[in-house]
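Single-structure report; data block below.
Nothing in this text is a laboratory measurement; each read-out follows from the coordinates by a stated rule. Given the structure is predicted, the values throughout are model-derived calculations rather than measurements. Quick reminder, even Gly has a Cβ in these numbers, built from the backbone with ideal geometry, and neighbours come from all protein chains shown.
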Amino acid sequence: MVIKDHQSEEAPKQGELFKKGKRSMTGRERVSQLQEKLYCKAKQEKDYKFYVLYDKMFIAYMLKEAYEQVKSNDGSPGLDGQDCAAIERYGLEKYLNELGEDLRKQSYRPSAVKRVWIEKANGGKRPLGIPTIRDRIAQTVCKMILEPIFEADFEDSSYGYRPGRSSKDAMKAIKDHLKDGKTKVLDADLSSYFDTIPHDKLEAALKQRIADPRMLRLIKLWLKVPVNEDGEMKGGKKQKTGTPQGGVISPLLANVYLHLLDRIVNNAKKMFSQAGIKMVRYADDFILMGKRISEEVMEALRYLLQRMELKLNENKTREIDATKTSFNFLGFTVRYDRDIKGRDNKYWNIIPSSKSEKRVREKVSDFLRQHGHYAPVRVVKGLNPILRGWLNYYEVAKVCYPKMSQRKLRFYLFERLMRYYNRKSQRRSRLYGQQAFQILVDKYGLINPINYSR
């Protein structure tokens, strides 16, 4: 979905869809047109509530577009073990028609969510819920309908899981605020945010825009769905808090709920704005920035979160002076460094964090360890997506300066590939010794981090 401001350069292109007849439009174009209509209505009428939305849940082109999005994400199967290949063998049109009928008759019931645990960079683990593909399709349709409505309301200070916004935009905003002198930073961390969102208050937030009881009932079904962990069922109808991490609809619901906080912090009549406080939020990670962060501001923040039944993790939340202490946000490290040419001034330096550097090295090492007998062309095919994804993430023009990290990554590849081929080779080859990295770059197209460009 692409949501644009009506004064942007892209708005006329989006408006071209309204000139086309429905018969000449693709399914994706029809979805985009519907989203534009919903967005415009919500943007023009701030207090408007949408009473009829559910009938769009079972439109054929909506279901087909949702399936294509789910397939493109290439996720793991849920509890039923069914993947996209199995669905297409069964017959995609038949499958989507059956799902559409269940939604139309309101006989649709989501399956239990499969829970797995994902390793975190700090050595801990976080839960990830994996719905079935059938449920992911239904959630994607719901998201396509609701997202443009709430996008019309969301604040500019929110960047996570929103169309046309990213961590790069968040880091640019942080740098701009620092240049404006807002160098006192509250680096906030919410305790188990996704697990603690209260269902009743989330429903109240949804009802500010959504008045269709069928849509609200559908969302409640997903919130109450049980979780299957190693064959044991948990949660279910008695569950009163949390959105399952991994669900397609969960990031949108999380943004809808934290929008209540965004709105108060950015309100010109409230304490935060009057104290010159700016907020940058990416999903449940956020920072407050100002020339001064008073105890009154901190107490107001704690009070707001308490009313929302959320809580700051006091062990991870810290207030710093960014001119003296660096801080990490979204995998970036922000520092106030001396001029590299020795001149008597400083500049704001944003670079990849050491944890992020370590993580990409671990991914490279894991791949090589697990694929010890691959031919060079397959080694390159496996390593390039890892390198490209990491390098693209930190390519933020005039904001991030990753050259040193790129050089360190190049050196690591040189050393690691030399060890990989020296240990692997039973006889001397061109890849034996210290040549492996350069040969893979020159002959097989391995990405050289220091020369990379999109």
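How high is the FRET efficiency from ASP344 to SER191, r the C-beta distance, R0 51 Å, rounded to 0.05?
0.70
Find the all-direction average of the projected area of the Cα convex hull for the stretch 313-428, expressing the result in square nanometres with one decimal place.
10.5 nm²
Would you compute the Debye intensity of the stretch 276-323 from its alpha-carbon atoms alone, equal scatterers and no solvent, and pass along log10 I(q)/I(0) at q = 0.14, 0.22, 0.24, 0.28 Å⁻¹ to two decimals?
With no solvent term, the Cα-only Debye profile gives -0.36, -0.94, -1.13, -1.45.
Which whole-number percent is the relative contact order of the stretch 165-305 (Cα, under 8 Å, 6+ apart)?
Normalised by residue count, the contact order of the stretch 165-305 is 33 percent.
When ranked by the protection proxy of mean other Cβ atoms within 10 Å per residue, highest first, what sequence do the peptides 56-69, 86-99, 347-360, 276-289 form?
276-289, 56-69, 347-360, 86-99
Mind sorting out which of [x] -0.94, -1.16, -1.28; [y] -0.94, -1.27, -1.44; [z] -1.08, -1.37, -1.46 is the real log10 I(q)/I(0) by the Debye sum over Cα atoms at q = 0.11, 0.13, 0.14 Å⁻¹ computed from the coordinates?
[z]
Could you list the trypsin sites (Lys or Arg not before Pro) in the stretch 118-192 that lie in coil according to DSSP, counting only those with at most 16 other Cβ atoms within 10 Å of their Cβ?
Sparse-neighbourhood loop trypsin sites (Lys or Arg not before Pro): LYS120.
Which aspartates and glutamates, on any chain, are close to LYS220 with Cα under 12 Å apart, when same-chain ones fewer than 8 places away are left out?
Straight-line reach from LYS220, under 12 Å: ASP200, GLU203.
In whole percent, what relative contact order does the chain give with Cα contacts below 8 Å and a gap of six or more residues?
14 percent
Return the aspartates and glutamates within reach of LYS179: Cα separation strictly under 17 angstrom, same-chain partners fewer than 8 residues apart disregarded; answer none if there are no such residues.
ASP169, ASP321, ASP337, ASP339
Starting from the exponent 0.38 and prefactor 2.2 Å, build the expected Rg for the stretch 66-129 from its residue count and divide its actual Cα Rg by it.
Compared with the compact-globule rule of thumb, the stretch 66-129 sits at 1.42.
Among all lysine pairs in the stretch 38-90 that are eight or more places apart or on different chains, how many have alpha carbons less than 21 angstrom apart?
Eligible lysine pairs with Cα atoms under 21 Å apart amount to 5.
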